[in-house]
1. Under 7 Å by Cβ, and 6 or more places apart or on different chains, what pairs join a residue from the range 89-108 that is within 17 Å of G180 (Cα to Cα) with one that is open to solvent by 40 Å² or more (accessible area, probe 1.4 Å)?
2. Would you mind stating whether G225 is within 22 Å of L97 (Cα to Cα) and out of contact with any strand residue (DSSP E or B) (no Cβ under 6 Å at 6 or more places or on another chain)?
3. For the range 198-240: of the residues being in a helix (DSSP H, G or I) and of a type in the set (S, T, Y), which is surrounded by the most Cβ atoms within 10 Å (Cβ to Cβ)?
4. Pick from E261, E343: which is farther than 15 Å from V209 by Cα, free of Cβ contacts under 8 Å to residues at least 40 places away in the same chain and within 21 Å of the chain's Cα centre (by Cα)?
5. So, A181, is that one closer than 21 Å to Y103 by Cβ, modelled with pLDDT under 95 and not β-branched (V, I, T) or not?
6. Given L278, L303, which one is modelled with pLDDT of 90 or more, open to solvent by 50 Å² or more (accessible area, probe 1.4 Å) and over 20 Å from A195 (Cβ atoms)?
7. Quick one: A153 ticks every box in (1) more than 29 Å from G285 (Cα to Cα); (2) in a helix (DSSP H, G or I); (3) open to solvent by 10 Å² or more (accessible area, probe 1.4 Å); (4) of a type in the set (A, V, I, L, M, F, W, C) except a single one, so which number is it?
Amino acid sequence: MSTSDVTEEEMHGQKPGRDAVTGAAGVVGEQQRRERDARPSERHADDGEFASYYGRPVINAIVWEAPAIGGYLFLGGLAGASSALAAGAELTGRPGLARPLRYTALAAISGSTAALIYDLGRPERFLNMLRVFKPTSPMSVGSWILMGYGPLAGVSAVTALTGWFPRTGRLATYGAGAMGALVATYTAPLVCDTAVPAWHEGYRYMPFVFASSAVAAAGGAGLIGAPTEQSGPARRAAVGGAIAETAVSTAMEHRMGLSGELYGRGTAGRYMRAAKTLTLAGAAGAVLGRRSRVASALSGAALVAGSACTRLGVFHAGRQSQEDPKYTVVPQRRRRDARERAENAQV
């Protein structure tokens, strides 16, 4: 014993409330102690009241910051989809559309990388992630994707701005466009490959939500920067991405089970409702205002803002699910009960 001294006569220095009790009183006391220390989530499973030991979450708290990681998720998607759309515009002879998208891709990936480094705390931590390549780690794969994509996006934008080495610029644009799909979507498995219920339970839908949201945002950026006579592909991408994003995100909320309700509550719910409103309004403006430069730019801005709200909504839904043990405990019990029923049915 580290806090008490035991002699032949008695115990000295014992802690209050730790005296041994014998007999029936000891049995009753031990039973009461076990009931008091029982897991709260088990005691209140029927009435829906969930808590954890000493008020702590069941899973580790999310240490990411909303502005930094939300911006990282959004800007990465915008960059990747912009490069893909710029490559298509370059192939079809629409320089007025390709040029602003090349600038957008570089600015967005620079901001995304800066947000990631800010959240990591020190730049060398990002470089340390490049010491190994681990295919089973979305963060490791994503770090290498950024390292391959970033220079291509940079060369594409700089050559468009200066007019130097046009062939090299076109090749860089095509290369960045080829990697754009990976940049726009790898953050979905990154967040889903966690124990956070609102993220993990949506793993079937999250990549499609992120991809369609990125396409809508890139289309919006094209509407902002391109002349109306060359903005046709951006307009189609904006409308198609907006419709797909709204449909898939709605399906995700309704089909991912208990955790899906978080996307309609609290901060996450406000962001998701704003995202759908802005996205649908931007898509409608892109269709109705196709001949107006101002209307196209306003529609594009709404689409970009809607995509940002989607990523922030996803982020805050994850934080809300981590804070409430119910969203961790109940799905686990339902899966356990389903396994037991399946095993009993086989017997």
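1. Close Cβ pairs (under 7 Å, with a partner that is open to solvent by 40 Å² or more (accessible area, probe 1.4 Å)) amount to E90/R170; L97/Q230; A98/E90; A108/L75.
2. Yes; evaluated as a whole, the condition is true for this residue.
3. Applying the filter and picking the extreme gives S213.
4. E261
5. Details: closer than 21 Å to Y103 by Cβ: yes; modelled with pLDDT under 95: yes; not β-branched (V, I, T): yes.
Judged against the criteria, A181 is a match.
6. L278
7. Only one criterion in (1) more than 29 Å from G285 (Cα to Cα); (2) in a helix (DSSP H, G or I); (3) open to solvent by 10 Å² or more (accessible area, probe 1.4 Å); (4) of a type in the set (A, V, I, L, M, F, W, C) is unmet by A153, namely (3).
Residue-by-condition table, conditions (1) in contact (Cβ under 8 Å) with a residue 24 or more places away in the chain; (2) surrounded by 24 or more Cβ atoms within 10 Å (Cβ to Cβ); (3) under 20 Å from S249 (Cα atoms); (4) not assigned by TED's automatic domain parsing to the domain that holds T187:
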residue: A284; (1), (2), (3), (4): no, no, yes, no
residue: R290; (1), (2), (3), (4): yes, no, no, no
residue: R293; (1), (2), (3), (4): yes, no, no, no
residue: L298; (1), (2), (3), (4): no, no, no, no
residue: A308; (1), (2), (3), (4): yes, no, yes, no
residue: E323; (1), (2), (3), (4): yes, no, no, yes
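The values are calculated or read from the model by the stated rules, or taken from the named source; none is laboratory data. All values derive from a computational prediction rather than experimental measurement. Note that we place each Cβ from the backbone using ideal geometry, even for glycine, and neighbour counts take in every protein chain shown. Note: accessible area is taken over every heavy atom of the protein model, side chains too, but ligands, DNA and RNA are not part of it. Shrake-Rupley method; radii C 1.70, N 1.55, O 1.52, S 1.80 Å.
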